[in-house]
Each structure stands twice: as structure tokens, then as C-alpha cells.
Amino acid sequence: MKKSIFILGISALLIACGSSKESSQKTVAKPAPTPIDVTEFAKTITQAELKEMLYTYASDEFQGRETGEPGHDMAVNYIKNFYTQGNISALQSNGSYFQDVKFNQLYTPEVSFSVNGKSMNYFDDLVSLSASAKANINANEVVYLGYGIDHEKYSDYKNLDVKDKIVIAKAGEPINEDGTYVISGSADKSKWSNGRQGRSSKRDAAKANGAKALLFVDDAAFKYYAAAYKRRADSNSSIGLSLDDGKSDSNSMLYMLVSEAAVNSIDENLLGSETPKSLTANVALSQMKKSETIISKNVAGYVKGSELPEEYIIISAHSDHVGVNANGEVFNGADDDGSGSMAVLEIAEAFKMAAEKGQAPKRSIIFLHVTGEEKGLLGSQYYTDIDPLVPLENTVANLNIDMIGRIDPKREGDRNYVYLIGSDKLSTELHNLSEEVNNKYMNIELDYKFNDENDPNRFYYRSDHYNFAKNNIPIIFYFNGTHDDYHKIGDTPDKINYDLLENRTRLVFYTAWELANRPSRIVVDKPIDKTAGN
């Protein structure tokens, strides 16, 4: 008994000592991880480097970077070389930085148009704004829509069936007896009579209601396009681009600008009325497109995420501009969008440095330079609608940078600002994160002037972020506003405010950093119905 008790006692003592040792080991605190000083990486984004790069990218040598032209090829190769020299990986598994985008380069189409046996002349009576479409329409009826508006407060389509019909609409919008506009309820015009946006809104409404062709009457616009397109026809120059997605375009709606005289040949009293009505008329309208296939390129580099590599933040800018005018003058596009393109490169460099120092972002970051923005957001549309290089459902957010190097004339003397558009459209979390990041790091005034859904400029729909937003991917569009040199030869690198370009670029970097490193991806709490129109 005593021996057993002794042995048990020794065993108990050994166990107790072992437990004590294990307990002691468990309570030893591990060294706290060294806090990440993200400002170290942000400081690599400098106005000196931005200036040096932009003076090259927006030089005459790059010939205005027009999509499909040699100058744009130089631009995308400049971007690719930056990534290769900085050891920033290509996104695609085959090691290519380039995503080929196939376009139809469009020329003046062959159009035939007659009303009650009377032939109309191209350039004199009509021009096509849908040169990629093919159609052959014979009708004994046309439908006059008045303004051609389809809005909850006023619709010319109410109780009207226009499916597969030719429709006519005119410029403008209805006005109340007190001089206010019916749709806005104020002295401000709505988008429906806002120049190009008004025309495209009426085009989209006709298409959504099933029309086969829209004849749009706006003499000022007609004269402008007729003259411009005739100059291009005379020199055998392209009039535009369309995506070549391999699908037939024979079902596309024809969209024509027509002269008042051409419409008066149908009914000389028609345009004085706002009341929609059906008209009997023998109309023959056909169009055959003339085009050739060209290849342009998106560029995509990335830094792989350390913990959630299959979730992606896309930082984008467009690589193209509008080329050279008939006099050989170069549209350098330093602000539009040389500023955004160089900002993306500097942000990529900052993330690469973080990765090299063992601080790679948790989520992957894609640096996407899209082509064809000036031709209708075509490069980003190709990416989202035809060939996403990563699954859209794995894309957490898109931060799009388009013109951040100048000052809106309305902000002279109050320059520490940037316009933010879209941050709250789909995700409350994204908007709040954006505000918090700015307050923590930059203290730039975030101006939401153009974020209003009723803003007549409709900038939310006019840059590459929109192709992500329409797919319920939260976006922020960073923008300095337009200025006197917008789309003119005066948009040169000497007019860039490089201190502002540096600050705004750092803001985008910090926002991307927070998006990439937060524990969970931001939530889309305000999704849009993808089946609905704008």
C-alpha cells in the first residue's frame, strides 16, 4: 500500500510539474505583429514620377492615342513595359498583359430612304447614327411620338404600340404653362433635352419599346453630324467603332438623324404637334454597313492577394483619347485620361512594393487599362459583357479614374477637392468606407455635385465604371470635372496640377487598400434590376 501510494504520489508530482510547464508555455505572449504603415507605400506615389510619365504618355509622339491607330498601340506598350520592368504580374495565366478587343471599324453605310416614292439624299436629308446596323424595312405606316419621351411623369408611349414600327421623335421636352418643365417640375431641363444625352435617352426608349427604326428630328444636331460625316466620307475615313461580339447585328434598331424638310414631306404640320399619332405613308428604309475588323487591346496587370486571392479589386482608367484632327494637330489628352492612366501605374507600383515587403493585400488587385472609352465605353464593355478575365461575381469593387489632374473652373481658389460619383449607388458600406479613408489619410473635399441622379451631365453613365455598375459591382468614379480644354488640343501635360494629381492618386490607393484588407467584402445592399433600363 505505501509503495503504491509513493509511486502514485511521484506520478502525480510529475504530472503536476508537466502541467505547470505547459501552462507556463501557454501564457507566454507572442510578439505583437509590427503594425503596417500603409503611408510608407502611399509615399511612393509622387508628383515627380507622375509628371515624368505623363509628359511621355501625353506627348505628340503618341499621336492622341486614338483607338485602332498606331499611337494607341504605343500607349498600351508603354503601359505593358511599365509592368514588366516593375515585375508586376500579368493577370492572364498565359503571361500576356494584353486582352485583344475585336472592333468593327465603321465607314459611311449604304443607305436608301424614300417616302411615298420620293427618294431622300444621304447627308442632305439624313445621316445614320447606327452605322453598325443592317436592315431592310418597308412600311405603310409611321408613328409620330412627339418628343419620344418615356418617363414616369410623362410618356409619349402611353397606350401606344410601336413594336416593329418606324417612329419619329423631335428634340425637346414638354413645358408647363408657367414655364417650368413637366419632368423636372422646375426651370431646369431634364436629361431628355440635354443634347447628346437627350438623344441617346430617346433612342434607348424607342429601342426598349420595340421600334424598328427611329427617325430623330433635331436640325442643329443633324447639320453638325452631316457635315462631320461628309468630311470623313470624302477622305474615306472611319466614322466610328462598334464591338464585334460575333453576333448578328441584323436585328439592331436603325437610328437616323433626319432633317425637318424630310419629315415635312410626310406631313408638313407634324412637328408643330406634341400629340403622338399614326400616319399612313409608304416608307422604304434600308441600310448596309461598311466596316473592317480591327484589334485593339485592354491591358491588365495584378498583384495577387495573400489570403483571398480569388476576390478582386479592379482599379481602372482608359488608355485611349481622340487622336489627331484634320489639320494634323494632336489631342494629347493629358487629363483625359493620361492622368488616370498614370495614376493606375503609380498605384500598382505602391501595391507591388507592399507585396515585396511581405505586406501583400489580402485580396487581389487588378490594374485595368481599357481601350475604346472615347468610342462608347467599348473596352470596358468588352471586359464585362464578353470576356471578363476574372469572374464578375468575384469582383468586389471597381475604382475608376478618369480625369483627376485639373481643376474645374467653378472650383478655382478652392482646389483641394475631387468629384466622387457612384460611391453610394450600390453599396452603403463602400460609401462609408470611402469617407472614412479620406478622413483618416487625405482630408480632400469629396464633392458629390455630379452624383445626383437628376444631374443633366449624366456622368455616372459616361465612363468605364458604368459597365461594372450595371453588373451590380460597387464603383467609385474619381473625376475633376470638365474644363475649357476638354477634348481639345489644349489638354496638355503642362496644365496638369501635379500636386493634386498626387493627392487624388493616393486617395484611390488608400481606398483600394482598405477594400482589399477588410475582413469581409463590402455588401451590395442596393442592387439594381439588370433587366430594367436606365
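The values are calculated or read from the model by the stated rules, or taken from the named source; none is laboratory data. As the structure is a prediction and not an experimental result, all values here were calculated from the model. Cβ atoms come from the backbone with ideal geometry, glycine included; neighbour counts cover every protein chain shown.
Can we say Ser96 is among the polar types (S, T, N, Q) and over 30 Å from Ser237 (Cβ atoms)? Spelling it out, Ser96 is indeed among the polar types (S, T, N, Q) and over 30 Å from Ser237 (Cβ atoms). Residues that are under 19 Å from the mean Cα position of the chain (by Cα) and aliphatic (A, V, I, L, M) were ranked within region 485-512; the one that is farthest from Tyr312 (Cα to Cα) is Val508.
Looking only at region 480-492, count how many residues are crowded, with 24+ Cβ neighbours inside 10 Å and within 30 Å of Ser427 (Cα to Cα).
1
For every residue, the table says whether it meets (1) surrounded by fewer than 19 Cβ atoms within 10 Å (Cβ to Cβ); (2) in contact (Cβ under 8 Å) with a residue 60 or more places away in the chain; (3) not assigned by TED's automatic domain parsing to the domain that holds Ala206.
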residue	(1), (2), (3)
Gln85	yes, no, yes
Gln92	yes, yes, yes
Ser114	yes, yes, no
Phe123	yes, yes, no
Lys134	yes, yes, no
Asn140	yes, yes, no
Tyr144	no, yes, no
Ile149	no, no, no
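For region 186-210, residues that are in contact (Cβ under 8 Å) with a residue 40 or more places away in the chain, more than 22 Å from Leu160 (Cα to Cα) and not small (Gly, Ala, Ser) total 5. Among the residues of region 217-242, those identified as outside any helix (DSSP H, G or I) and closer than 29 Å to Thr293 by Cβ are Ser235, Asn236, Ser237, Ser238, Ile239, Gly240, Leu241, Ser242. Selection of first residues in region 156-170 that are among the small types (Gly, Ala, Ser) and of second residues that are assigned to a strand (DSSP E or B) and surrounded by 23 or more Cβ atoms within 10 Å (Cβ to Cβ), restricted to Cβ pairs under 6 Å at least 6 apart or on distinct chains, gives the following pairs, ordered by first then second residue: Ala169/Phe216.
I'd like to know if region 364-382 contains one or more residues that are modelled with pLDDT of 95 or more, in contact with a Phe, Trp or Tyr (Cβ under 9 Å, 6 or more places away or on another chain), assigned to a strand (DSSP E or B) and surrounded by fewer than 23 Cβ atoms within 10 Å (Cβ to Cβ). Yes - at least one qualifying residue is present in region 364-382.
Here Ser286 fulfils each of the conditions (1) part of a strand (DSSP E or B); (2) touching a Gly at 6+ places or on another chain (Cβ under 9 Å) apart from (2).
Name the single residue that is farthest from Asp499 (Cα to Cα) among those in region 385-429 being among the small types (Gly, Ala, Ser) and buried (at least 24 other Cβ atoms within 10 Å of the Cβ). Going through the qualifying residues, I end up with Ser427.
Select from region 238-260 the residues that are at pLDDT 90 or above and within 23 Å of Ser296 (Cβ to Cβ) and write down the one among them that is surrounded by the most Cβ atoms within 10 Å (Cβ to Cβ). Going through the qualifying residues, I end up with Leu241.
Quick grid of which residues meet (1) touching a residue at least 40 places away in the same chain (Cβ under 8 Å); (2) within 24 Å of Asn439 (Cβ to Cβ); (3) within 16 Å of the chain's Cα centre (by Cα):
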| residue | (1), (2), (3) |
| --- | --- |
| Leu368 | yes, no, yes |
| Tyr383 | yes, no, yes |
| Leu389 | yes, no, no |
| Val396 | yes, yes, no |
| Gly405 | yes, yes, no |
| Arg411 | yes, yes, no |
| Leu420 | yes, yes, yes |
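Would a scan of region 190-206 turn up a residue that is in a loop (DSSP other than H, G, I, E, B) and more than 30 Å from Phe82 (Cα to Cα)? Yes, region 190-206 contains at least one residue that is in a loop (DSSP other than H, G, I, E, B) and more than 30 Å from Phe82 (Cα to Cα). Of everything listed in (1) among the aliphatic types (A, V, I, L, M); (2) at pLDDT below 95; (3) in contact with a Pro (Cβ under 6 Å, 6 or more places away or on another chain), the single unmet condition for Ala58 is (2).
Scan region 267-303 residue by residue and report those that are within 24 Å of the chain's Cα centre (by Cα) and surrounded by 15 or more Cβ atoms within 10 Å (Cβ to Cβ). Within region 267-303, Ile294, Ser296, Lys297, Asn298, Val299, Ala300, Gly301, Tyr302, Val303 qualify. With respect to the conditions (1) surrounded by fewer than 24 Cβ atoms within 10 Å (Cβ to Cβ); (2) in a helix (DSSP H, G or I), Phe468 lacks only one, and its number is (1).
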